[in-house]
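The values are calculated or read from the model by the stated rules, or taken from the named source; none is laboratory data. Being a predicted model, the structure only gives us computed values, none of them experimental. Quick reminder, even Gly has a Cβ in these numbers, built from the backbone with ideal geometry, and neighbours come from all protein chains shown. Just the protein is used for accessible areas: all its heavy atoms, side chains included, with ligands, DNA and RNA removed. Shrake-Rupley method; radii C 1.70, N 1.55, O 1.52, S 1.80 Å.
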Amino acid sequence: RFSKSAYDETFFTSNISPQKHNFNDGIWKKLEEQFRSWAPSSHPVFIATGPVLTDPITAHIGQTCSISVPQRFYKVMLDTASPMRAIAFVLPNASSTEPLSRFAMSIDEAEKITGLDFFPKLNDIQEAKIEKTLLLQQWQFD
């Protein structure tokens, strides 16, 4: 919401992916709220989010066209504070009452699942250390 154009860009159809209602309005909403609480205004954080496209597509929606519905979604964060920290989540596109911490993983684990390299601009030493490590005690869960 820092600018009208940034806000408008979140609604491009190229920036959406179908989610089950009970997922989007449930655990995914909790995760988005949790990320907002972790994103300080004092320094940059980098967040990537999207569907896991390495899973087979088993569900479709649409009456006049067939739109693929992903089985899982990811969200990752790199917090540039000192010391740097990172966290990743991969969640099934389904309702869940599990705590968010159950889905937490290292960036390396999320990269293996998604086939993506989330933070390639980090120098190799930083990348190797930060992406392989997940210290849940560094993250306060609501």
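Among residues other than L122 with Cβ under 13 Å from its Cβ, the summed charge is -3 (Lys and Arg +1, Asp and Glu -1). Per residue, region 30-74 exposes an accessible area of 65 Å² to a 1.4 Å probe, with every protein chain left in place. When S96, S68 are compared by accessible area at a 1.4 angstrom probe, the order from most to least is S68, S96. Measuring nothing but protein heavy atoms, the accessible surface of region 36-142 at 1.4 Å probe radius is 54 percent carbon and sulfur. Full extension of the chain segment joining S101 with N24 gains 26.0 nm, where the gain is 0.36 nm per residue of separation less the Cα-Cα distance.
Please give the net charge around S37, taking every other residue with its beta carbon less than 14 angstrom from that of S37, where Lys and Arg add +1 and Asp and Glu add -1. Walk me through the numbers on the way to the answer.
Working: positive: K29, K30, R36, K75; negative: E32, E33, D79, D142.
That works out to 0.
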